[in-house]
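Have a look at the structure below, then the notes.
The values are calculated or read from the model by the stated rules, or taken from the named source; none is laboratory data. All figures in this text were calculated on a predicted structure; none of them were measured in a lab. Here the Cβ positions follow ideal geometry from the backbone for every residue, glycine too, while neighbour counts run over all protein chains shown.
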Amino acid sequence: MPVTLSAPAAKHVANFIAKRGKGVGIRLGVKTSGCSGMAYKLEFVDAANEEDHVFESFGVKVVVDPKSLPYLEGTELDYTKEGLNEGFKFNNPNVKDACGCGESFNV
């Protein structure tokens, strides 16, 4: 299953890439961390590695390394604004449990 961006997330990433002046998209991954076991990591990517999986949403590339893909398959990255708070939200169908602070999860 693909890893996708919502339209607001794609627009936000595209704006940041334009301000940054370089880049092809965003890299999504997971790392061992937090009280529930795993945490998401996000970074801009200038070029995909040969082994990476590359998806595209609304003209923005989403790059996922092979080790992270099983944990992220089917995930949609959204960008939301709620009052004064704004940020990315991971809609991951693989998550079975998350910590109370929302910083980590397990599958």
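When residues of the stretch 61-85 are filtered for being over 12 Å from the mean Cα position of the chain (by Cα) and either assigned to a strand (DSSP E or B) or among the hydrophobic types (A, V, I, L, M, F, W, C) (or both), how many remain?
The qualifying residues number 5.
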Restricting the first residue to the stretch 81-93 and requiring it to be within 16 Å of Leu5 (Cβ to Cβ), which pairs with a second residue that is at pLDDT below 85 and not polar (S, T, N, Q) meet a Cβ separation below 9 Å and a spacing of at least six or different chains?
Phe90/Phe105; Asn92/Phe105; Asn92/Val107; Pro93/Met1
Is one or more of the residues making up the stretch 5-14 touching a Leu at 6+ places or on another chain (Cβ under 8 Å) and assigned to a helix (DSSP H, G or I)?
yes
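Out of the residues in the stretch 84-98 meeting the condition of being surrounded by 14 or more Cβ atoms within 10 Å (Cβ to Cβ) and of a type outside the set (S, T, N, Q), tell me which one is nearest to Gly23 (Cα to Cα). Talk me through it step by step, then tell me what you get.
Filtering the stretch 84-98 down to residues surrounded by 14 or more Cβ atoms within 10 Å (Cβ to Cβ) leaves 88-90, 92, 94-95, 98.
Imposing the further condition that a residue be of a type outside the set (S, T, N, Q) reduces the set to 88-90, 95, 98.
On the way: Phe88: 19, Lys89: 22, Phe90: 22, Val95: 29, Ala98: 31 Å.
Among those that are surrounded by 14 or more Cβ atoms within 10 Å (Cβ to Cβ) and of a type outside the set (S, T, N, Q), it is Phe88.
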Would you mind stating whether Phe90 is assigned to a strand (DSSP E or B) and either of a type in the set (Ser, Thr, Tyr) or modelled with pLDDT under 90 (or both)?
yes
Check Lys81 against each of (1) surrounded by fewer than 14 Cβ atoms within 10 Å (Cβ to Cβ); (2) more than 22 Å from His12 (Cα to Cα); (3) modelled with pLDDT under 90 and name the one condition it does not meet.
(2)
Looking at Tyr40, is it touching a His at 6+ places or on another chain (Cβ under 6 Å) and modelled with pLDDT under 95?
no
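Would you point out which residue out of Val30, Val45 is touching a residue at least 40 places away in the same chain (Cβ under 8 Å), of a type in the set (A, V, I, L, M) and surrounded by 15 or more Cβ atoms within 10 Å (Cβ to Cβ)?
Val30
What is the residue count in the stretch 31-56 for residues that are outside any loop (DSSP other than H, G, I, E, B) and either within 14 Å of the chain's Cα centre (by Cα) or of a type in the set (Gly, Ala, Ser) (or both)? Steps first, answer last, please.
Filtering the stretch 31-56 down to residues outside any loop (DSSP other than H, G, I, E, B) leaves 31-33, 37-45, 53-56.
When the remaining residues are screened for being either within 14 Å of the chain's Cα centre (by Cα) or of a type in the set (Gly, Ala, Ser) (or both), the result is 31, 33, 37-45, 53-56.
Going through the stretch 31-56 one residue at a time, the tally reaches 15.
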Can you name the number of the only condition in (1) free of Cβ contacts under 8 Å to residues at least 40 places away in the same chain; (2) crowded, with 18+ Cβ neighbours inside 10 Å that Lys67 fails?
(2)
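Residue under question is Glu73, and the condition is that it be modelled with pLDDT under 95 and farther than 15 Å from Leu5 by Cα; does it hold? Don't jump to the end; show me each part of the working.
On the way: modelled with pLDDT under 95: yes; farther than 15 Å from Leu5 by Cα: no.
No, not satisfied.
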Residue in the stretch 20-30 that is part of a helix (DSSP H, G or I) and either closer than 19 Å to Val95 by Cα or over 12 Å from the mean Cα position of the chain (by Cα) (or both) present:
yes
